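Here the structure comes first, spelled out in structure tokens, and everything after it is commentary.
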Amino acid sequence: VVVALVAWTTWQHLLQVYRGVVLLRKRFPHQSWFKAIRSSWVYATIVLLGDAGNLVFGLAAPTLALRTLACTLRLSTKDFSYGPHERNVLDLYGTSSKDEDDLKPVVIFIHGGAWALSSKFHYGAVGETLERHGVVTVVPSYRTFPHGDVEEMLDDLEAIVKWTVANIAKHGGDPTRITLSGHSSGAQLCALLLVQAAIRCSADSTQVGTNDSSVGLHVQAFIGLCGPYDITDHYEFERHRAIIPYVRGTNVLLCR
């Protein structure tokens, strides 16, 4: 069992490194292969250590870990697909049969994880808590590094909002009362999505109020939790944590 676990972990680590190299070479073809491999290796190692932290979390707070696991397995309507990628899936909490006279407010919760860690699996407790307050909660996974860069993450968030608008009424949610919320890097992505949507609309005043495809027209409120909104400041913070020096020059997490 131990040998199998080590072999599986090693394979996953190498797969992450490979995906990272492919993404970095695609986005920054001028970068040397050595720098791409080194950057991807270091970042994949950080991700591996972050995933290992789940075990530490379970040992340090077993009650909370079991609650999170129970919420994810018991209370959600699981694995709705909103796109073609394997990570383009979401869970729903607090759903009910369609009744247009009693539709509930909706929260779309975007997880954090340094643009590379975590998934919807870890946030069942968010859905459970909001369900007790009469809220339908959408908890998605989305492409994180090395599955995608920030632009592809934003594409996924836009697809999540559009899926929610088109489908949430069938599950008891009100598509006219959508709050977009995120934690950490998830909060930064949400804010960036809304700012870019506003810029696109303001570029042509004739689009305001008429472009139903704009996510900004469907989101009534935004709640950001611990988001690094000033990326330049966050870059400096990470540099002092001895992470960024290893990936300096890639800028893979900065949306240009």
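The values are calculated or read from the model by the stated rules, or taken from the named source; none is laboratory data. In this text, all values refer to a predicted model and were calculated from it rather than measured experimentally. Here the Cβ positions follow ideal geometry from the backbone for every residue, glycine too, while neighbour counts run over all protein chains shown.
Scanning segment 168-195 for residues that are in a helix (DSSP H, G or I) and surrounded by fewer than 16 Cβ atoms within 10 Å (Cβ to Cβ), we see that the one that is nearest to the chain's Cα centre (by Cα) is Val195. Any residue in segment 81-89 that is surrounded by fewer than 22 Cβ atoms within 10 Å (Cβ to Cβ), closer than 21 Å to Leu23 by Cβ and of a type in the set (D, E, K, R)? Taking every residue of segment 81-89 in turn, at least one turns out to be surrounded by fewer than 22 Cβ atoms within 10 Å (Cβ to Cβ), closer than 21 Å to Leu23 by Cβ and of a type in the set (D, E, K, R). Of all the criteria given as (1) at pLDDT below 65; (2) hydroxyl-bearing (Ser, Thr, Tyr); (3) surrounded by fewer than 17 Cβ atoms within 10 Å (Cβ to Cβ), the one not satisfied by Tyr229 is (1).
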